[in-house]
Amino acid sequence: MPGELSIIIERLGLATLAGTAIGLNRKLHGKPVGIRTHSLVALGSAMLVYVSYGRAGLVDGPPVPQTVQGIVTGIGFVGAGVILHRSGSKNRITGLTTASALWFTAALGVACGAGLFVPTVVATVIALVVLIIGGPIEGFIETHCRKPESIPPPPEPPVE
């Protein structure tokens with residue numbers, strides 16, 4: 001039991017920390033889905049995968065792929081809700097990065113639940129780099145490399 005407890009703490013703890021790191025980045029950028037949501041998504045995903053393994057700890061057991069499939073599907077719906085909720089304008093779509101971060105955080109939880117700690121840490125670092133420098137790079141590209149939009153001529157007044 002003490003060995004199992006340390007495994008549980010290790011897997012669920014790292015999942016929560018990885019989710020917290022991604023959520024902190026989102027919160028620092030003023031996004032509505034932050035630390036608590038990302039942490040709970042990662043923790044919940046890790047818990048579901050860990051429970052799917054059972055005490056045997058087998059990765060190839062039948063419940064594991066079905067559990068992962070359910071997690072991915074469920075997070076897809078949550079992400080869609082984030083996108084639809086934030087996209088009030090018909091011409092502007094927002095929330096894609098937040099939805100992607102939630103989906104990624106679920107994957108971190110799955111990896112932690114499976115005991116894949118090194119890929120979790122590496123993926124978290126890579127994701128944070130993308131989230132931190134991706135916005136400024138996109139801004140630079142939009143301001144310096146984008147073709148100026150042509151302004152359509154004003155409509156002619158009606159003839160009476």
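The values are calculated or read from the model by the stated rules, or taken from the named source; none is laboratory data. Computed from a predicted model, the values in this text were never measured in an experiment. Positions of Cβ are generated from backbone atoms using ideal geometry, with glycine treated the same way; all protein chains shown enter the neighbour counts.
Table for the structure above
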quantity: Residue satisfying all of: in the range 3-31; under 16 Å from the mean Cα position of the chain (by Cα), among the small types (G, A, S) and part of a helix (DSSP H, G or I); surrounded by the fewest Cβ atoms within 10 Å (Cβ to Cβ) among these; calculated: A21
quantity: Search result, residues across the range 32-46 that are hydroxyl-bearing (S, T, Y) and under 11 Å from the mean Cα position of the chain (by Cα); calculated: T37, S39
quantity: Inter-residue pairs, beta-carbon under 6 Å, first at positive phi and in the range 76-101, second charged (D, E, K, R) and at pLDDT below 70, 6+ apart; calculated: G95/R86
quantity: Positions within the range 5-20 being more than 11 Å from A101 (Cα to Cα) and either touching a residue at least 24 places away in the same chain (Cβ under 8 Å) or touching a helix residue (DSSP H, G or I) at 6+ places or on another chain (Cβ under 7 Å) (or both), in sequence order; calculated: I7, I8, E10, R11, L12, L14, A15, T16, A18, T20
quantity: Residues satisfying the stated conditions in the range 1-25, i.e. in contact with a Leu (Cβ under 6 Å, 6 or more places away or on another chain) and among the β-branched types (V, I, T); calculated: T16
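Residue by residue, here is whether (1) loosely packed, with under 12 Cβ neighbours inside 10 Å; (2) modelled with pLDDT under 65; (3) of a type in the set (A, V, I, L, M, F, W, C) holds:
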position	(1), (2), (3)
R55	yes, yes, no
G76	no, no, no
G88	yes, yes, no
L96	no, no, yes
A99	no, no, yes
